[in-house]
Amino acid sequence: MTTPLLAVRDLTVQFRTDAGWLTAVENVGFELGAQETLGIVGESGSGKSVTALSLLGLHAASTTRLPTGSIDYAGQNLLKLPERAMRRIRGGEIAMIFQDPMSSLNPVLTVADQISETVMLHQGLDRAAARKRAVGLLDMVRIADAAHRVDAYPHQLSGGMRQRVMIAIAIACRPKLLIADEPTTALDVTIQAQILDLLRELQAELGMSVILISHDLGVIAEFARRVMVMYAGRVVEAAPSRALFRQPMHPYTSGLLAAIPPLDHDVTRLSTIAGSIPDPARRIPGCRFSPRCAEVEAACRETAPDLVTVGAGHLARCPPRLHRMAAP
Amino acid sequence: MRMLRRLLLRLGQAIPVILVVAVLAFFLMHLLPGDPAAVIAGPEAGAEAVERIRRQLGLDRSIPEQLLVWLWHLAQGDFGTSIIHNQSVLQALADRMPVTASLTLVAFAMTIPIGIVLGVAAAKFRNTWVDSAVMLMALIGVSVPGFWIAILSVILFSVTLGWLPASGYVPLSEGVWPWLRALIQPAAMLALFQIGFLARMARSATLDVLDQDYIRTARAKGVSEWRTIAKHAFRNTLIPVVTTTGIILSLLMGGSVVIEQVFAMPGVGRLIVQAILTRDYPMVQGTLLALAFLFVAINLMVDIVYTWVDPRVRYD
Ligand SMILES: Nc1ncnc2c1ncn2[C@@H]1O[C@H](COP(=O)(O)OP(=O)(O)OP(=O)(O)O)[C@@H](O)[C@H]1O
Ligand SMILES: [Mg+2]
């Protein structure tokens, strides 16, 4: 592979809380090439959003210990970039859309205002040109009657339309990377599919790389060539989607796979992973998944396993599985 | 169009309020212990004088009849006539209102920008010395009695330094600077409490807004920190703040009654106090009612501003 667009190494993010420093993300690393798609999956609280927000340097300085590691983008380490330069990257080179389109748009500004702002800021367009661009962008995200809708306020639009507006804002400056943090979680199923289709089309049209975050492995599998599974702030498995589905190398991934509702027949009960994600303030010795793992062995509770290569482009953090695979 | 409808609706809602106040003001006269005519005339008045007052005020008629006459006069814009000065209530108010209005508006003009800027700054720099300093000032503002600070201030700025007049009022017609010079001190005393109140309010409103997802969106777009506050947060902060400005304006008008006493200013406050002391009941009734009108008008104005600030209200 040539130099990737983005290379994250050993990213660790800590927050100050009443109980002391909390490690939300620990030694996360991945690479993303131009026009590639990466899916990040994991239960709520596993550190997906914290990872994504780090890429844009959006953590509040007052409560965050300077993230360690490196985020190499276009030859520079974003973690070391001064605020002013970082602002040019945000919205210009790397754009992000969020989970809740209801609250992610400013209620007192029109759609035109909110889209124009980005292009005026990054491309120096004047107001009239920016407005024209806004209408064009609404067309691009398939909002009917764009010339009219552009003057609407967010509360006059449906949830799906608001997410389209968010996407329009994000692609306004033709970013090289789009981060979509659970873009469909707050929407109903038919709208979800439409939004994902739209993202796919736009990605092809604009040649962006995309990081899609979801807690639904089904959504990720359909969308991304490569998947990274996170658990309690760590990467537990990373692989091409096909390999991951065919041969999950971590019990947590297996659990997530079992939780995908099958399309071909009705099920009354879906499998779920027993227990819940540990409170990040609590230190778990050994493997962090061990308290919930059905395949747990004594060693798992003692030493924290490393992320090791288990196949072509396939990394996992579960020695027992690897041994079982190796010795059939 | 919707805005106009909303406005008309609010006007319609104001009518019952005004009616209730009018009826309450009417009964004020009849809640006096004993014979109102005798009370008004005073202890030394003879039977003949009492009788004259009774007729003059229409107290010789039945109460429903009196109420109808009172409302009928009000509907025609007649708020009654002072029995001491033989001057109509409206005329007396017209004479005094410029003083109170000047005092209130200057205090208001001090309160709004200072209170909002302090509050927003405290929120922006939360948990720093800026925040602590603003909150301390706000605490002093709301907890130290205004008249006490007023007296200290007069001792310092008027008596010791001689920079500002200690009392009195200079009409605007005599020049902006003399007018303002006479008002600065009383208006600042009046504003102090409200600034503290507003700064706290604006601080918590801004903190709320800064936590919202759309602020994160603005940052993710590459908008600078200051622009995020000025453009994305501020308009949203204003929504709850505007609601309180109506209350602030009303409280400032109420507070000016006290401050007018301290600074010997011939405003509506002094008019009411004098009317009460001289048992000029028609004057008391009329001024109270006029003030009630004013409060209703203020709230209507706030409503219009509110509609303009929050598009969700404008279009629903
Ligand atoms: N600003 C912050 N201060 C303190 N703790 C935080 C902060 N942001 C996130 N955390 C904590 O970090 C952990 C990871 O959070 P994160 O938002 O990344 O989860 P997530 O994987 O995105 O989950 P979800 O699916 O719910 O969005 C959580 O335990 C969360 O409470
Ligand atoms: Mg999240």
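The values are calculated or read from the model by the stated rules, or taken from the named source; none is laboratory data. Bear in mind that the values here come from a model prediction, so they are computed numbers and not experimental data. Every residue, glycine as well, gets a Cβ built from its backbone with ideal geometry; the counts of neighbours run over all protein chains shown. Just the protein is used for accessible areas: all its heavy atoms, side chains included, with ligands, DNA and RNA removed. Shrake-Rupley method; radii C 1.70, N 1.55, O 1.52, S 1.80 Å.
State whether one or more residues within the stretch A:79-90 are away from ligand 1 (no atom under 16 Å from the Cβ), part of a loop (DSSP other than H, G, I, E, B) and more than 16 Å from A:Ser209 (Cβ to Cβ). Yes, the stretch A:79-90 contains a residue that is away from ligand 1 (no atom under 16 Å from the Cβ), part of a loop (DSSP other than H, G, I, E, B) and more than 16 Å from A:Ser209 (Cβ to Cβ).
Only residues that are surrounded by fewer than 17 Cβ atoms within 10 Å (Cβ to Cβ) and among the hydrophobic types (A, V, I, L, M, F, W, C) were counted across the stretch A:70-85, and they come to 3.
Take A:Ile94 and decide whether it is more than 16 Å from ligand 1 (Cβ to nearest atom), among the aliphatic types (A, V, I, L, M) and modelled with pLDDT of 95 or more.
Yes, satisfied.
Please specify each residue of the stretch A:36-58 satisfying the condition of being more than 19 Å from A:Thr23 (Cα to Cα) and either among the hydrophobic types (A, V, I, L, M, F, W, C) or near ligand 1 (Cβ under 9 Å from one of its atoms) (or both). Across the stretch A:36-58, the qualifying residue is only A:Leu38.
Select from the stretch A:45-57 the residues that are away from ligand 2 (no atom under 12 Å from the Cβ) and open to solvent by less than 30 Å² (accessible area, probe 1.4 Å) and write down the one among them that is nearest to B:Thr228 (Cα to Cα). Only one residue fits best here, namely A:Leu56.
Considered as a group, the residues in the stretch A:269-283 that are more than 16 Å from ligand 2 (Cβ to nearest atom) and surrounded by 15 or more Cβ atoms within 10 Å (Cβ to Cβ) include one that is modelled with the highest pLDDT, and that residue is A:Pro278. Checked against (1) open to solvent by 10 Å² or more (accessible area, probe 1.4 Å); (2) more than 27 Å from B:Phe193 (Cβ to Cβ); (3) modelled with pLDDT under 85, B:Tyr306 passes all but a single condition, namely (2).
Listed by position, the helices (runs of 4 or more DSSP H) contained in the stretch B:35-108 that have at least 3 residues being in the same structural domain as B:Ala22 (by TED's automatic domain parsing) and touching a residue at least 24 places away in the same chain (Cβ under 8 Å) are B:36-41, B:63-75.
Determine whether B:Phe26 is surrounded by 12 or more Cβ atoms within 10 Å (Cβ to Cβ), in a helix (DSSP H, G or I), hydrophobic (A, V, I, L, M, F, W, C) and touching a residue at least 12 places away in the same chain (Cβ under 8 Å). Yes: the conditions hold for B:Phe26.
Condition check for A:Ala112 on (1) more than 7 Å from chain B (Cβ to nearest Cβ); (2) without any contact (Cβ under 8 Å) to a residue 12 or more places away in the chain; (3) touching a helix residue (DSSP H, G or I) at 6+ places or on another chain (Cβ under 9 Å): one failure, at (2). For the residues A:Met140, A:Met102, A:Met120, A:Met96, the requirement of being within 16 Å of ligand 2 (Cβ to nearest atom) and farther than 17 Å from A:Ala52 by Cβ singles out A:Met102.
A:Thr23 meets each of the listed conditions (1) more than 16 Å from ligand 2 (Cβ to nearest atom); (2) in a strand (DSSP E or B); (3) under 15 Å from the mean Cα position of the chain (by Cα) apart from (3).
Among the residues of the stretch A:120-129, the one identified as within 19 Å of B:Tyr214 (Cβ to Cβ) and either part of a loop (DSSP other than H, G, I, E, B) or more than 10 Å from chain B (Cβ to nearest Cβ) (or both) is A:Met120.
Among the numbered conditions (1) surrounded by fewer than 18 Cβ atoms within 10 Å (Cβ to Cβ); (2) of a type in the set (Lys, Arg); (3) closer than 20 Å to A:Gly313 by Cα, the only one that A:Arg234 does not meet is (1). Number of residues in the stretch A:43-94 that are free of Cβ contacts under 8 Å to residues at least 12 places away in the same chain, at the interface with chain B (Cβ under 10 Å from one of its Cβ atoms) and touching a Ser or Thr at 6+ places or on another chain (Cβ under 8 Å): the value is 1. Mind checking which pairs have a first residue in the stretch A:172-200 that is in contact (Cβ under 8 Å) with a residue 24 or more places away in the chain and part of a helix (DSSP H, G or I) and a second that is surrounded by fewer than 21 Cβ atoms within 10 Å (Cβ to Cβ) and not aliphatic (A, V, I, L, M), Cβ under 6 Å, 6 or more apart or different chains? Pairs that qualify, where the first residue is in contact (Cβ under 8 Å) with a residue 24 or more places away in the chain and part of a helix (DSSP H, G or I) and the partner is surrounded by fewer than 21 Cβ atoms within 10 Å (Cβ to Cβ) and not aliphatic (A, V, I, L, M), are A:Ile191/A:Gly160. Residues that are within 8 Å of chain A (Cβ to nearest Cβ), assigned to a helix (DSSP H, G or I) and surrounded by 21 or more Cβ atoms within 10 Å (Cβ to Cβ) within the stretch B:220-265 comprise B:Ala220, B:His232, B:Asn236, listed in sequence order. Taken over the stretch A:95-109, the criterion of being more than 8 Å from every other protein chain (Cβ to nearest Cβ) and surrounded by fewer than 20 Cβ atoms within 10 Å (Cβ to Cβ) is satisfied by A:Met102 alone. For the stretch A:26-44, the set of residues classified as within 14 Å of ligand 2 (Cβ to nearest atom) and part of a loop (DSSP other than H, G, I, E, B) consists of A:Gly42, A:Glu43, A:Ser44, listed by residue number.
When B:Ala47, B:Ala37 are checked against the criterion of being hydrophobic (A, V, I, L, M, F, W, C) and in contact with a Lys or Arg (Cβ under 8 Å, 6 or more places away or on another chain), a single residue qualifies: B:Ala37. So, in the stretch B:274-290, of the ones that are out of contact with any helix residue (DSSP H, G or I) (no Cβ under 7 Å at 6 or more places or on another chain) and either open to solvent by 20 Å² or more (accessible area, probe 1.4 Å) or under 23 Å from A:Asn106 (Cβ atoms) (or both), which residue ends up nearest to the other protein chains (Cβ to nearest Cβ)? Taking the candidates together, the pick is B:Gln274. When the stretch A:304-328 is filtered for residues that are without any contact (Cβ under 8 Å) to a residue 60 or more places away in the chain and open to solvent by less than 40 Å² (accessible area, probe 1.4 Å), the ones remaining, listed by number, are A:Pro305, A:Pro320.
Is it the case, given these coordinates, that A:Thr253 is outside any helix (DSSP H, G or I) and either modelled with pLDDT under 95 or touching a Phe, Trp or Tyr at 6+ places or on another chain (Cβ under 8 Å) (or both)? Against the criterion (outside any helix (DSSP H, G or I) and either modelled with pLDDT under 95 or touching a Phe, Trp or Tyr at 6+ places or on another chain (Cβ under 8 Å) (or both)), A:Thr253 does not qualify.
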